Structure formats: C-alpha cells, structure tokens
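One structure is given below, encoded as structure tokens.
Computed from the coordinates by the stated procedures, all read-outs in this text should not be read as laboratory data. Worth saying up front: this structure is predicted, and the values here are computed from it rather than measured. Neighbour counts are summed over all protein chains in view; Cβ atoms, including those assigned to glycine, are modelled from backbone coordinates with ideal geometry.
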Amino acid sequence: MNRAARALRFVANGSASPMETNLAMALCLPRMLGGYGFELPQLNARIEVRAGGGLMGRSYFECDLYWDGCKTAIEYDSAQFHSGTEAETRDSSRRSGLLVRDVLVITVTTDQFFDARKLDEVARALAKRMGKRLPANNASWMMKRHELRAGFLHDLPGNR
C-alpha cells in the first residue's frame, strides 16, 4: 500500500477550518506519528437538542469534533470567533444545550493547542471520557509529537 493510501485512514471529512483539521490530526494520528491515537471523530456533527427551537431558537448545534460513543465534543475556540460578550453568551448557551443531551463539551484554544502540556490535559480528559488510558509520555513519542506540532505551525497561513 502506498503512503497516500495509508494516510487516507487518518482523514476525517467535514472540517470547517484548518485548525479543526490540525486538532483532529493531533488527537487521532497514531502515536508512531506523534498523535494520540484516538479514533476519528465526526467533524461538524449535527446534534439535535430540542424540537421546536429550544435554546437560542435552535433545534441543533454542530460540534467541531464529536465522538458519539462517549458523547463528547471538542470545540476549537479561536479568538476570532469566540471572544466578546455575545460570543461568550452564545458559547455558554451552546454548552448548556448540549449538556442537556448528555454531551460533554471540551474547549480548546489556540494557546492550548500549541502548548504540549495543555493539549496533553485535553487528550487525557478525552481518554478518560472514552474509558481509555493513554500510555506514558516517553521521549521518543514526545519528539514525534514535537515534530508533528512544528509541521502544524509551518503550515499555518503567514508561517510559510
């Protein structure tokens, strides 16, 4: 099997932004490539919350990354779309609406994504929710994780 065909096993459809793609890759690529090895989530999954409008006049929300088996969503909160009173109110209502459906929402900011320890905390929370334990962080994996993250930084607009 060639490299491109092997890589397709780790591709999830439906990303709405480069950072959603990066987050899914960081969490789901195999450990041998510097990822955490989680199963692929649904990207921008539609979660029904209430018939007839519900919170904020919406009957559903879309979750950036969603694992149906453990009812867990990870939302990438960029400063561009998630700062300010209106956005904070919208995000809070959204989390409450999803919690009513027993969906846990874990938010990840840009700072958390690019800080290895902070992303590790997110991954460990996700693993716990899935009923899994992540292996200890050995030096080899930490180097691969660093190389993977450096690639994300290189691929962001303005960093080429």
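Things worth noting here:
- Those aspartates and glutamates that a straight Cα-Cα span of less than 16 Å connects to Lys128, excepting residues fewer than 8 apart in one chain: Glu39, Asp68, Asp102, Asp120
- For the pair Thr89 and Arg101, label points projected 7 Å from Cα toward Cβ lie 2.3 nm apart.
- Difference of contour (0.36 nm per residue) and Cα-Cα distance, Leu148 to Asn13: 46.6 nm
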